[in-house]
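Data first, discussion second: the structure below is written as structure tokens.
The values are calculated or read from the model by the stated rules, or taken from the named source; none is laboratory data. Please read all numbers here as calculations on a predicted model, not as lab measurements. Methodologically, a virtual Cβ is constructed for each residue, glycine included, from the backbone with ideal geometry; neighbour enumeration extends over all protein chains shown. Surface accessibility is based on the protein's heavy atoms, side chains included, excluding ligands, DNA and RNA. Shrake-Rupley method; radii C 1.70, N 1.55, O 1.52, S 1.80 Å.
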Amino acid sequence: MTLFIKEYQKKVGLPPGTLIHIGHKKTDKSKISLITYNAENFEEKEITKIEDSYTKKEKTSIYWINIDGIHQTELIESVGKHFNIHPLVLADIVNTRHHPKIEDYEDYLFIVLKMIFFDDKTKENVSEQVSLILGPDYVITFQEQQGDVFDPIRDRLRTASGRIRKMGADYLAYCLIDTIIDNYFVIVEKMGEKVEDLEEELLNNPTQNTVKKIHKLKRNMIFLRRSVWPLREVTSSLERGESKLIQESTKIYLKDVYDHTIQVIDTIESSRDMLAGMLDIYLSSVSNKMNGIMKVLTIIATIFMPLTFIAGVYGMNFHNMPELSWSFGYPAVLILMLGIAIWMLAFFKRKDWL
């Protein structure tokens, strides 16, 4: 939270739309990749200037421009000038603290998403903000770093599999959004496995480390919920909106994306409820364990109370004790003490206190 406030303090007093990168710098140099395609042709290349991406007057192809690395504000500003994008949109692109949202500027749609994928090396979830601009015949995606979940889409474009090469830019935008949301199922499944393992550990041998795992999973689940919950409004707006950029043939696919979003949200809510219950189970387990220990200690103390009394009386060493002159006095007292202990144990057993 402190870092978040310090980053926003950079913008205090500056005019609206001032481009200041807010977030972590995840790559050294920005990279621009361009994919141009239609039903018959496909071209993929890297470019150095955004002016080289969209210069043809005859708009017979679809253009997908992907920019990796949004910390170079000069590049983002050049994109805004070339495509006539509003300065506030550009400011939102370089600010990685936004929740998913959608804004309609008539000539283009601006969409913010959270791309979350599992890092096999660190065994942790990695989050990255993806900003998407949908125009009449182009899609521009802005990512914080290289590496994403869009490789299956690139492969479909290269091989012309499916209908993607025959559809418009709105269908490409749908494919990108759908891939991000489908990847949430992978994340939710992995977190569900962790929840199941944690539940088994909680029932068998809960420890202090178990509590740490519960809190860690709860934080991850809260973050995932914050990333997915606003996405419901985004997909609903795309499906039911009246933007001229979304064709009727694409809205049926967007409805499917909306359904997937609801499924992910329901799964996350179920996992959150399970984690909340796990903490209660852990506290109950610790309390029951403590009660069992106190029960044993109380029984031991109760048994030894009369024995301690007897030993105390015969430990006063008065010379007129009746048993002092009796040769079996010492064994008799020990037998008496043992009999009292056995009787008390039998009494506790009969009362179901043991």
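Estimated from the Cβ-Cβ distance and a Förster radius of 51 angstrom, the FRET efficiency linking LYS45 and VAL296 is about 0.10.
A 1.4 Å probe, protein heavy atoms only, puts the accessible area of ARG226 near 150 Å².
If you take the beta carbon distance between MET305 and ARG219 as r and set R0 to 51 Å, what does 1/(1 + (r/R0)^6) give as a FRET efficiency, to the nearest 0.05? That gives a FRET efficiency of 0.55. For region 47-169, carbon and sulfur atoms together expose 47% of the accessible surface, with a 1.4 angstrom probe and every protein chain in place.
With 5 Å bins beginning at zero, the pair-distance distribution over Cα atoms of region 81-172 amounts to 2, 11, 20, 21, 18, 16, 8, 3, 0 %.
Springs between alpha-carbon pairs under 10 angstrom, Gaussian network model over the chain: which of PRO100, PRO230, PRO306 fluctuates most? Result: PRO306 has the largest fluctuation of those listed. Extension gain for the segment THR159 to ASP256, taken as residue separation times 0.36 nm less the Cα-Cα distance, is 32.5 nm to one decimal.
Surface calculation, 1.4 Å probe, protein heavy atoms: SER285 sits at approximately 30 Å² accessible. Relative contact order of region 198-278: 40 percent, from C-alpha pairs under 8 Å at least 6 residues apart in sequence.
Between ASN125 and ILE281, the C-beta separation translates, for a Förster distance of 35 Å, into a calculated FRET efficiency of about 0.90.
Ellipsoid semi-axes for region 15-105, based on the Cα gyration tensor and the rule √(5λ), read 25, 16, 13 Å when sorted largest first. So which of LYS114/LYS194; LYS121/LYS251; LYS25/LYS212; LYS81/LYS101; LYS25/LYS213; LYS31/LYS166 end up more than 32 Å apart, counting from Cα to Cα? The pairs that break the limit, which is 32 Å between Cα atoms, are LYS121/LYS251. From the alpha carbon centroid of region 270-298 to that of region 99-149 is 42 Å. The label point for THR18 and the one for TYR105, both projected 7 Å from the Cα toward the Cβ, are 2.0 nm apart. Structural descriptor for the chain: relative contact order 13 percent, calculated from alpha carbon pairs under 8 angstrom and at least 6 residues apart. Projecting label points 7 angstrom from Cα along Cα→Cβ for LYS29 and ASN84 puts them 3.3 nm apart.
Protein heavy-atom accessible surface, 1.4 Å probe, per residue over the chain: 57 Å². Within the chain, the ratio Rg/Rh, alpha carbon atoms throughout and Rh by Kirkwood, equals 1.36.
Of the GluC sites (Glu not before Pro) found in region 190-291, those in coil by DSSP whose Cβ has at most 16 other Cβ atoms within 10 Å are GLU242.
Once the Cα-Cα distance is subtracted from the 0.36 nm per residue extended length, the GLN146 to ASP182 segment shows a gain of 11.0 nm.
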